[in-house]
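Just so you know, all these numbers are worked out from the coordinates, no wet-lab data involved. What you are looking at is a predicted structure, and each value in this text was computed from that prediction instead of being measured. Cβ: placed from backbone, ideal geometry, glycine included. Neighbour counts: every protein chain shown.
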Amino acid sequence: MAHTLTQAREWNATLKSARPELVALFVGGTSGIGRSTAIKLASSIARPTVYIVGRNETAGAQVVEEMKAANQNGSYSFIAADVSDLRNVDTVCQKLKSNIKALDLLFLSCGGFTFSKQETDAKIDVNHILRYYSRMRFIYNLLPSLEAAQSPRVVSILAGGKETKIQEDNLDLQKEFSLSTSNGYPATMTSLVFEVLASEHPSISFLHVFPGVVATPMMKKSMGSVVGSILSFLTIPISISMSKSGEWNTFLATSAEYPAKNASTGEYPGYYLLNYNGNDATNKALMEQLRKEGFPNTVWKHTLATFDRICA
C-alpha cells in the first residue's frame, strides 16, 4: 500500500527503540540516493554499523563525517572500490565478511543514466554492469552474511514496476543497445532474479524500488552539465528532494510491511516491486508472461554464467 511521507517519518522515529542495532552496506553511497539514505539511517538507528562503498575517497570521507555528525554512537567505514569490475566486488565482499558476523541491510544504488555504450574489459556496458551484474554479485557473495541476520533485507534502487519484454539472446545488451534496452533490461532482470532469490533464500526479503524523480547530481554526471542542468530544472515540479528520498528509503529498508518469504506471520512472496512510497508497482500481466516463458531461471543462469566468465 502507498504511504504518506508523514507515515514514513513516524516509522523512522520508532527505530531507535524498535531496532537499536543494524549493520548495513551501501553500494553507491557517496552521492545521491545512497548517500541521503545512509545518513538518514545512521541518524535513525541507536547504534548503527554502516559501510559505504564507492570510487571517490573524498566523497566517502565526507559521508562518514556526516554520519558521525548525525549519530556519534555508530560505527562508519568507507571502502574505496570501482565496482564496475566484478573482481573488485569480490575483494570488497571478502573484506566486509572478515569484519561482520551478519548483514542486516544491503542497499544498492550504483549506476546512472546512459545514452551511449561504454564497454568494460568484460565486454559489457559499464552502466549495465553497475546497475545489474555488480549488484547481483554483491548479493550472491553476501547471501551467507544476510542469512545470518535476524531480518535481512536487500534493496535495489532502480526501476521496480518499469519492466519490459526482453530477449534471451540480448541479456548482456550485445545484440541491441539503446536508451530503451539499457534501462529496461537491468530493471526487468532484477525483478526476475529477485523472484528466484526470494524462493531460494526465504529468510531474506528483496525490494526492487523505483525512487521517483529525485533531485540528485546524477543527471549532470550522466548527461553533462548543460543538458543535465536543463533537465534538472524542468523536473523540479515533480522531483523529490534527496532528504525526502532518504526518509522514504529508510522506511522501505526497515519496514515490517515487506517481510521475507518464510516470515513467521504467514506466507509472503519475499520480493517486492515498489514505488518510492511503498506502493506495489508490479506489472502483473507482464511478469506473469515472463514467468511462463521461463525468464526468471533463464536470467539467473545467465547471471551465474557471466560471473563464471568474468571472475573465474
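Among 287-294, 53-60, the peptide with the highest mean count of other Cβ atoms within 10 Å heads the list, and the full ranking is 53-60, 287-294.
Charged neighbours of V193, selected by a Cβ distance under 11 Å, balance to 0 (K, R count +1; D, E count -1).
Label separation (T4 vs A285): 3.3 nm, computed from points 7 Å beyond Cα along the C-beta direction. Short-range pairs are left out: with C-alpha atoms under 8 Å and at least six residues apart, the relative contact order of the chain is 20 percent. Here the spin labels are modelled as points 7 Å beyond Cα on the Cα-Cβ line, and at S75 and E168 they lie 4.7 nm apart. Potential lengthening of the chain between E267 and I100 amounts to 57.2 nm, from the contour at 0.36 nm per residue minus the alpha-carbon distance. Cross-link partners for K40 among the aspartates and glutamates, with Cα-Cα distance under 14 Å and sequence neighbours closer than 8 places in the same chain left out: E10, E65, E66, E247. Listed values for region 79-90 are Karplus-derived 3J(HN,Hα) couplings in whole Hz (6.51 cos²θ - 1.76 cosθ + 1.60, θ = phi - 60°), namely 10, 7, 6, 8, 8, 6, 9, 4, 5, 5, 4, 4, and x replaces Gly and Pro.
Can you pick out the pairs among K95/K261; K16/K95; K97/K123; K244/K301; K101/K301; K16/K301 whose Cα atoms lie more than 32 Å from each other? Distance filter (> 32 Å) returns K244/K301; K16/K301. From helices alone, the chain scores -14000 deg cm²/dmol at 222 nm; the rule is -39500 (n - 2.57) for each run of n ≥ 4 DSSP H residues, then divide by the residue total.
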